[in-house]
Amino acid sequence: MAPLKASITTRITLVVLGIHAVLLPALYFSLGIVVSNSFADLFIQNARTVSRNLAEQIESEAGDARRVVEILDLAMLHSESVYAELVDSGTSIRSSLNSPNLVWPGREDFEFETGTDYLYCIVLPVARAGHVAELRLGFDERPTADQIRLAMRGTFWALAAYLGVALTAAIIFGLRLSRTVVHLTRVARRIASGNYVESLRLGTSVRELHELGADLENMRGELVGVNERLRAEIGERERSETRRLELERRLQHRHRVETVGTLAGGIAHEINNALLPIMLLAESALEDSPSDSPARADLEQILSSARRAKEIVAKVLTFSREAGVAKLEAIDLPTVVNEALRLFKLLVPPTVEVRSDLAGVFRPVMADAALAVQLVMNLCTNGYQAMPHQAGVLTVALRNERVRLADEAEVPAGDYIALVVADNGHGMDAATLERIFEPFFTTREVGSGSGLGLAVVHGIAESFGATIVVDSEVGHGTTFKVYFPVAKTPATEPQPAPAAPGVL
């Protein structure tokens, strides 16, 4: 069974009650003895004083028995005596005020309430005309006993009132003390629930509680500081873990793309080797055949298909970065984008609205102008082809952006010129987003695209040191953001060359 837990007020009240339960009875009985002795001594003193005065008065009177009776009656009227008798030479002279049922007990008392008849008896010798008479007086002890009981009753109620005041004071003190502790408990619970701005300092005049509150407040400050540091460390660790996972994902994606690119580059070289004699022999046969030969149409078709295959191989080599190292130089990106848009607008139907937002002051970026035009053309073509029924809005914009480490996990910190290409097409799900930069991956129908457009964009961006971030939602379009690092040298006049757009 668990021990009973009592409040501070209850404990203090029980302690005070226990102490007074021991002290008050002892105090009551001690006061009773003092009061009883005081009243008894006063009673005895008065009785003996009356007795001596009466004896002296009788000795001074030489009158007859009637005069003695008068003296005895007068003494009984002015004192607490209830029995008065003078025995002179065997003759008893009694007061007329004696109770008829009262018989002299034949004793002399020296203490209060020695008998059961409530009578205090005094015997004094009285000198009378050459002989000695005996004066007998009896005093009623009951009035004095009643006074003693009344005094003890008053003492009892006085002590009871004192006990009530003591218990009330103990309860008030316990409540004030417990109020401080309860306040401290509530504040501690609020702090434990996360409200760290609460203070544990106590506004109390009790020095120990004040020092306890101050010490707890100091401890709270230390714990809050430690807790905040732990939260910051945990948050930083979580952010580091998130960045690590993101970097691992990007690294795995890059390894996958590089592996496919290496394979595609090897295949492209082999296809180039196979296409070279086909093209040479087709051209030679075409030159040797007469103009009216029915084989010329077939040879021209063979040569056209071979050239188309060579263009695809060139795109594969661009993706795999084996077609040569890009010639990076500081170029003016708005000029390149304007040139790419001029060419792109010649290729799309009027149902596609091209909006451009290139206003602003932009620092030069490090890139190859010709490849940058191809990158813009491929992104625009991909957005155009993602529109349902080849109709919609394509937005191309440039933005000055400064990326901090915590802003964008995919983009290293630094200053960039961001190329934004957004369409309102059908969008892509997460599974498609994972594979859009893989060569030969396409969501279009068979024969409608080679799946190399975005793969070429990825290869060109990698050669520039740029980073591509894609945001897409099914039914709400896709936004490509290409972060071009800002160049440290002035821009040179670009000479962009038109390039055939890639398709996804």
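What's the extension gain from Ala158 to Lys310 if we count 0.36 nm per residue and subtract their Cα-Cα distance? Intermediate results must be reported in sequence, preceding the final value.
Values: separation 152, 0.36 × 152 = 54.72 nm, distance 12.12 nm.
Full extension of this stretch gives 42.6 nm more.
Ordered from largest to smallest accessible area (heavy atoms of protein chains, 1.4 Å probe), the residues Thr13, Thr49 come out as Thr49, Thr13. Sparse packing (at most 14 other Cβ atoms within 10 Å of the Cβ) combined with a DSSP loop state is found for the following trypsin sites (Lys or Arg not before Pro) in region 361-431: Arg404.
Go through 357-368, 76-87 and give me the packing order, highest mean Cβ count within 10 Å leading. Can you show the working numbers first?
Numbers: 357-368: 16.8, 76-87: 19.2.
Descending mean neighbour count gives 76-87, 357-368.
Using r as the Cβ-Cβ distance of Lys327 and Ala295, and R0 as 60 Å, what FRET efficiency do you calculate, to the nearest 0.05? Display every interim value, and only then the final one.
On the way: r = 43 Å, r/R0 = 0.71.
The value I calculate is 0.90.
Write down the accessible area per residue of region 8-165 in Å², having rolled a 1.4 Å probe over the full set of protein chains. If you can, show how the numbers build up before the last one.
Details: 9250 Å² over 158 residues.
In whole numbers, region 8-165 has 59 Å² accessible per residue.
The listed residues Glu410, Glu311, once ranked by accessible area (1.4 Å probe) with the largest placed first, stand as Glu311, Glu410.
Among the protein heavy atoms of region 34-165, carbon and sulfur supply 56% of the accessible surface, probe 1.4 Å, non-protein parts ignored. Note on Thr114: accessible area is roughly 70 Å² with a 1.4 Å probe, heavy atoms of protein only.
Remark: the Ile171-Val132 segment gains 7.0 nm on full extension, using 0.36 nm per residue and subtracting the alpha carbon distance.
The values are calculated or read from the model by the stated rules, or taken from the named source; none is laboratory data. Remember, predicted model here, so these are calculated numbers, not experimental data. A quick note on method: Cβ atoms are made from the backbone with ideal geometry, for glycine too, and the neighbour counts reach across all protein chains shown. Protein only, heavy atoms only, side chains kept; ligands, DNA and RNA dropped before computing areas. Shrake-Rupley method; radii C 1.70, N 1.55, O 1.52, S 1.80 Å.
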